[in-house]
1. Return the pairs, sorted by first residue and then second, in which the second residue is aliphatic (A, V, I, L, M) and in a helix (DSSP H, G or I), the first residue lies in the range 51-72 and is free of Cβ contacts under 8 Å to residues at least 40 places away in the same chain, the beta carbons are less than 7 Å apart, and the residues are 6+ apart or on different chains.
2. LYS7 versus (1) touching a Ser or Thr at 6+ places or on another chain (Cβ under 7 Å); (2) in a helix (DSSP H, G or I); (3) charged (D, E, K, R): which is the lone unmet condition?
3. With the checklist (1) touching a strand residue (DSSP E or B) at 6+ places or on another chain (Cβ under 6 Å); (2) in a loop (DSSP other than H, G, I, E, B); (3) modelled with pLDDT of 95 or more in hand, flag the one item GLN92 doesn't pass.
4. Pick from ASP45, ASP14: which is under 9 Å from the mean Cα position of the chain (by Cα) and free of Cβ contacts under 8 Å to residues at least 40 places away in the same chain?
5. Among what's in the range 27-85 and is touching a Lys or Arg at 6+ places or on another chain (Cβ under 6 Å) and among the acidic types (Asp, Glu), pick the residue that is least open to solvent (accessible area, probe 1.4 Å).
6. Does GLY36 count as out of contact with any Asp or Glu (no Cβ under 7 Å at 6 or more places or on another chain), closer than 18 Å to LYS87 by Cβ and free of Cβ contacts under 8 Å to residues at least 60 places away in the same chain?
Amino acid sequence: TEQVSPKHYAMLKDRVLLAQGEPQIYGTQFQDDGKGVLRPQATEDWEGVEERRDAMGLPTLTEYAESIKETYGQPYDLTPLPLEDSKWPTTQAMESDDRHEEG
């Protein structure tokens, strides 16, 4: 039986939560804030997000945002968007964790 990596589980969990109108848990989904700045979509317990990311083998939010900036050429702000501004699905959702395998 093939197991899902914790990293991919975290990304899927965040997508499903956002699609259900709930805040994400791991901060894997970013979107353009309408001013050209990439920001994390609504995230539950923002103060604990780094610990949750670490437990799943994800890079820090700063490392993650830097990889998104490099990929998409847009600046970022690590202030999460409010839930009402977090749209899923959206063509502006950033999924850099999918595109960059972190060591």
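The values are calculated or read from the model by the stated rules, or taken from the named source; none is laboratory data. These numbers were taken from a predicted model, which means no experiment stands behind them. FYI the Cβ positions are ideal-geometry reconstructions off the backbone, even for glycines, and counts take in every protein chain you see. These area figures cover heavy atoms from the full protein model, side chains too; ligands, DNA and RNA do not enter into them. Shrake-Rupley method; radii C 1.70, N 1.55, O 1.52, S 1.80 Å.
1. Within 7 Å, the pairs are LEU61/VAL49.
2. Condition (1) is where LYS7 drops out.
3. Answer for GLN92: the failing condition is (3).
4. ASP14
5. The residue in question is ASP33.
6. Criteria met by GLY36.
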